[in-house]
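Participant: Would you mind keeping the following structure in view while I ask a few things?
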Amino acid sequence: MIVPLAPRLSQVTSTDQGSFVPSSYESAKADVVAKRYFAAGSGASAIFVVRRTDRASFTRTDRARVTRLVRDLKSAGIQRVTAVSTSAAQVAPSRRAQLVSVSFHGTAQDKPVQAAVKELRLRARTSLAGSGLSTLLTGEAAIQTDTMDAAQSALTIVSVATIALIIILLGAVFRGPLTALMPVAAIAGIYLLTTALLASLAKVAGFKVDQNLTTLLVVVLFGIGTDYVLFLLFRYRERLRAGDDPKTAIAFAVARVGQAITSSAMVVMAAFVALLLSSLGSMRNMAPGFLIAVVLMLLAALTLIPALLTLLGTHAFWPSKGWQKTPDGSFARRIGTFVGRHPGRMALMVAPLLIALGAGALFYSADYNIANQLPSNTESAKGFTALRSAFPAGALNPTQVYVVGAEAQDPTELRRLAKRLRSVEGVAKVAPAQLSRDGHAAVIAVELRASPYDNHALDLVAGPLRRAAHEGARSGTVLVGGQTATFADVRSALNRDYGVVFPVAAVMIALILAVVLRSVIAPLYLLFAVALGFAATLGASVGVFRGIVGDSGLIFMLPTIVYLFVVAMGTDYNILMTTRLREEAREGNDPRRAAALAVEHAAPTVMAAGVILAGTFASLMLSGIGMLSQLGFTVAIGIVIVSFLMAALLIPSVSALLGHLIWWPGHSVERAETPPLPVLQSQPPPEESSG
């Protein structure tokens with residue numbers, strides 16, 4: 001009943017990074033001042049860029065036509081539009097463009113404001129029809145509107161692509177429609193329940209979640225859900241091939257693989273719990289949704305999926321008969337044999353490659369330019385490009401310097417402040433101070449030469465501009481706000497989080513691994529592997545997007561996303577391989593034989609799961625949104641690195657080299673007291689390839 005009665009997740013989402021900045025940061029304090037003293041001007045804003053269709057210089061008739069456009073928009077009575085204005089100062093130096101400013105009552109996230117943006121665009125085109133002039137509406141409100149529309153489109157595209165990909169790949173691996181459709185149907189139900197629970201929790205607790213969470217939940221749930229189902233199906237099929245009846249086979253699979261699934265889920269949950277320590281609300285508020293998703297998926301993997309497989313029996317693989325026989329000449333067996341015989345050689349082939357990729361992470365540079373994340377065909381993206389080519393980039397979103405108290409009522413002090421701000425290198429223009437209605441506060445708009453979202457602008461506002469603003473002022477009386485200041489504080493908060501969230505997560509993951517593996521050495525080695533996988537993933541992404549594509553930087557939240565989805569979720573494969581290594585060692589095999597058998601039996605599972613999980617994240621590249629495209633590629637390549645190179649090759653190789661030491665001081669590597677379930681001796685050792 002909770003799904004139809006729960007609020008929609010879209011009702012509790014936001015893309016305003018400023019709403020997630022901690023209240024202790026200066027930009028958040030400035031936002032409070034803006035809303036208190038400048039409520040009429042603290043709402044969202046947008047800018048029309050008006051140009052001739054032939055891109056020639058404006059004539060007197062053109063300027064008169066722009067004035068008429070302003071008059072038409074003012075008289076239109078568009079809901080939430082509070083002001084429309086232009087002036088001679090808003091004509092470009094080249095005289096080939098003119099700006100028209102629009103102010104709104106409400107934030108850019110408000111649905112009525114977004115509706116007003118769409119109506120403004122329509123009325124502007126109507127007003128200028130046949131005049132030889134064209135308009136592009138950009139700025140905060142327009143960018144937000146286009147972002148929301150693009151996000152909704154992305155969610156549809158990603159959802160369809162993810163589900164189709166999983167069905168196709170599962171069908172190819174097991175060659176049966178039921179093994180492809182059954183997991184998808186179960187996971188889809190869990191997704192609906194997850195979003196309903198999260199929306200209800202957010203509404204009751206009064207917090208917002210980042211807009212990107214909706215799309216990320218799709219790939220997370222379908223990604224890890226498919227992983228868990230694959231782990232069960234491969235082991236279930238292995239025992240069927242060994243001669244077990246379906247009930248015995250599923251009981252064995254749940255007993256053996258269930259431990260790896262539970263351990264993997266605990267590691268992922270530990271990473272998300274650590275995310276609660278983030279100082280950024282956009283990161284912190286993602287944690288409940290991911291935690292709900294993982295818990296529900298874990299319960300389903302240990303109960304619902306085994307129950308369905310028990311009911312279906314061998315019909316789960318219908319119409320394929322491939323589950324009845326083990327293919328000969330297994331590629332996985334040959335790789336396993338090589339790892340067992342030459343572990344040092346394999347380690348020397350894989351480790352340098354990962355280290356070389358990891359070196360690329362040293363060249364990571366964060367990109368806070370939200371305009372770069374929009375599809376290039378959106379009007380706000382085109383408008384931003386046009387504005388940047390005709391005006392100082394900072395004209396898009398000026399920085400606001402607020403003065404509160406007695407200093408706001410002193411014209412001399414305000415002029416001194418404006419002079420100090422004007423003297424800062426990188427400032428293009430400083431507007432005269434404007435007083436609030438009660439005279440208790442003043443605001444000075446500062447335009448930067450750089451784009452308000454560039455790292456150079458963030459450095460300027462966080463450093464020289466704030467120092468100039470605070471010089472000689474009493475604490476708290478002068479505050480620097482605006483979107484550039486907000487992103488500067490977001491950057492500071494993220495840097496703080498790297499030093500808190502990552503170490504806490506590492507400690508929790510190490511403790512979980514130590515308990516699961518009953519070893520001190522294995523968890524330390526796996527943590528080192530995790531760190532190497534993180535660096536290699538980030539380095540590979542830097543090489544592609546900065547070295548090949550030519551981007552100035554990568555999305556600012558990418559390291560956190562890599563940590564969440566590559567480190568936490570990718571650890572699934574490391575745990576599955578390590579628990580198989582331990583199982584083979586406990587069966588009495590020497591370390592090299594154990595490594596060979598573990599690769600033979602577990603590597604196909606790891607690789608198949610890695611391909612599907614990487615594919616689900618790669619579907620984000622179809623969204624057309626720069627941020628999601630970077631995120632999708634990075635996580636996809638990271639999952640491939642972790643599953644193919646790390647879990648399938650490097651971990652068993654190093655395990656073979658370390659020998660019994662890797663399990664110190666835990667369980668004995670003697671043969672277990674309970675003998676293993678029999679394997680049909682008439683067949684070659686089972687392998688877990690498709691078919």
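No lab work stands behind these numbers, since they all come straight from the coordinates. Just so it is clear, the structure is predicted and the values come from calculations on it, not from any experiment. In this analysis, Cβ positions are derived from the backbone assuming ideal geometry, glycine residues included, and neighbour counts consider all displayed protein chains.
Participant: What is the calculated FRET efficiency for residue 356 to residue 382, with r their C-beta to C-beta distance and R₀ = 41 Å, to the nearest 0.05? Kindly include the intermediate steps, with their values, before the conclusion.
Facilitator: Values: r = 39 Å, r/R0 = 0.96.
For residue 356 and residue 382, the calculated efficiency is 0.55.
Participant: Moving on. If you take every DSSP beta bridge whose two residues both sit in the chain, what share of them, in percent to the nearest 5, is antiparallel? Don't skip to the answer; put the middle values down first.
Facilitator: Numbers: 32 of 36 bridges.
Within the chain, antiparallel bridges account for around 90 percent of the total.
Participant: Name the residue farthest towards the positive end of the dipole of the chain from the options 79, 216, 579, assuming +1 on Cβ of Lys and Arg, -1 on Cβ of Asp and Glu, about the Cα centre.
Facilitator: 79
Participant: Can you tell me, using C-alpha contacts under 8 Å and at least 6 residues apart, the relative contact order of the range 554-645 as a whole percent? All intermediate terms of the calculation are to be shown ahead of the outcome.
Facilitator: Working: 85 pairs, mean separation 32.8, N = 92.
Reported relative contact order: 36 percent.
Participant: Could you tell me the calculated FRET efficiency between residue 52 and residue 531, based on Cβ-Cβ distance and R0 = 51 angstrom, to the nearest 0.05? Mind showing how you got there, number by number?
Facilitator: On the way: r = 56 Å, r/R0 = 1.10.
With a Förster radius of 51 Å, E is 0.35.
Participant: Assigning unit charges at the beta carbon (Lys, Arg +1; Asp, Glu -1) and nothing else, what dipole magnitude in debye, to the nearest 20, does the chain show about its Cα centre? Please list the in-between numbers first.
Facilitator: Numbers: 60 positive and 41 negative charges, 360 e Å.
Here the size comes out at about 1720 debye.
Participant: How far, in degrees from 0 to 90, does helix 521-542 lean away from the longest principal axis of the Cα atoms of the chain, to the nearest 10?
Facilitator: With rounding to tens, the tilt is 40 degrees.
Participant: Right, here's the next one. Please state, rounded to one decimal and in Å, the Kirkwood hydrodynamic radius that the chain gives when every pair of distinct Cα atoms enters the mean of 1/r. It would help to have the intermediate numbers written out before the result.
Facilitator: Values: mean 1/r = 0.0361 Å⁻¹.
27.7 Å is the Kirkwood radius here.
Participant: Follow-up. HN-Hα J couplings of the range 614-622 from phi, Karplus 6.51/-1.76/1.60, θ = phi - 60°, integer Hz, Gly and Pro as x?
Facilitator: Computed from phi, the couplings for the range 614-622 are 4, x, 5, 6, 4, 4, 4, 5, 7 Hz.
Participant: Pop out the Kirkwood hydrodynamic radius of the range 421-574 from its pairwise C-alpha distances, inverse of mean 1/r, in Å to one decimal. All intermediate terms of the calculation are to be shown ahead of the outcome.
Facilitator: Details: mean 1/r = 0.0523 Å⁻¹.
Hydrodynamic radius (Kirkwood, Cα only) of the range 421-574 equals 19.1 Å.
Participant: Among the listed pairs 118/203; 74/203; 203/382; 203/429; 111/382, give every one whose C-alpha distance is greater than 31 Å.
Facilitator: Values: 118/203 28 Å; 74/203 36 Å; 203/382 36 Å; 203/429 43 Å; 111/382 22 Å.
Pairs exceeding 31 Å: 74/203; 203/382; 203/429.
Participant: Continuing with this model, one more query. Amide H to amide H, which residues 5 or more places from residue 83 or on other chains are under 5 Å from it, using H placed in the peptide plane?
Facilitator: Residues meeting the criterion, in which the H sits 1.01 Å from N, are 103.
Participant: A further question on this structure: Can you list which of the trypsin sites (Lys or Arg not before Pro) found in the range 387-446 are DSSP loop residues with at most 16 other C-beta atoms within 10 Å?
Facilitator: Working: sites: 388, 415, 416, 419, 420, 422, 429, 437; in loops: 437.
Hits after loop and neighbour filter: 437.
Participant: Another question about this same structure. With only alpha-carbon atoms counted, please give the Rg and Dmax of the range 194-265, in Å.
Facilitator: Considering the range 194-265 through its Cα atoms, Rg and Dmax are 17.6, 55 Å.
Participant: Could you give the angle, 0 to 90 degrees to the nearest 10, between helix 483-498's Cα long axis and the longest principal axis of the Cα atoms of the chain?
Facilitator: Orientation of helix 483-498: about 30 degrees from the principal axis.
Participant: Now for a different question. I'd like to know which of 594, 436, 478 lies farthest towards the positive end of the charge dipole of the chain, counting +1 on Cβ of Lys and Arg and -1 on Cβ of Asp and Glu.
Facilitator: Of the options given, the answer is 436.
Participant: Could you state the orientation-averaged shadow area of the convex hull built on the Cα atoms of the range 79-187, in nm² to one decimal?
Facilitator: On the way: hull surface 46.1 nm².
So the mean shadow area of the Cα hull is 11.5 nm².
Participant: Moving to a separate point now. Roughly what would the spin-label model give for residue 314 and residue 622, points 7 Å off Cα along C-beta, in nm?
Facilitator: 3.6 nm
Participant: Ratio of alpha-carbon Rg to the 2.2 N^0.38 Å globular estimate for the range 344-449, to two decimals, please.
Facilitator: 1.81
Participant: Additional query: Using +1 on the beta carbon of Lys and Arg, -1 on that of Asp and Glu, and nothing else charged, what's the dipole of the range 43-144 about the Cα centre, debye to 20? It would help to have the intermediate numbers written out before the result.
Facilitator: Working: 17 positive and 6 negative charges, 76 e Å.
Around 360 debye, computed over the range 43-144.
Participant: Check residue 397: other-chain or 5+ apart residues with amide H under 5 Å from its amide H, H built from backbone geometry?
Facilitator: none
Participant: Towards the positive end of the charge dipole of the chain, with charges on Cβ (+1 Lys, Arg; -1 Asp, Glu), say which of 509, 312, 622 has the farthest Cα.
Facilitator: The residue sitting farthest along the positive end of the dipole is 622.
Participant: Between helix 111-127 and the chain, what is the angle of the helix's C-alpha long axis to the longest principal axis, kept within 0 to 90° and rounded to the nearest 10?
Facilitator: 60 degrees
Participant: Using every Cα-Cα pair within the range 136-217, state what percent have a distance larger than 21 Å. Mind dumping the intermediate values first?
Facilitator: Values: 1615 of 3321 pairs.
So the pairs more than 21 Å apart make up 49 percent of the total in the range 136-217.
Participant: How high is the relative contact order of the chain, given as a whole-number percent (alpha carbon pairs under 8 Å, six or more residues apart)?
Facilitator: Numbers: 1210 pairs, mean separation 133.3, N = 691.
Value for the chain: 19 percent.
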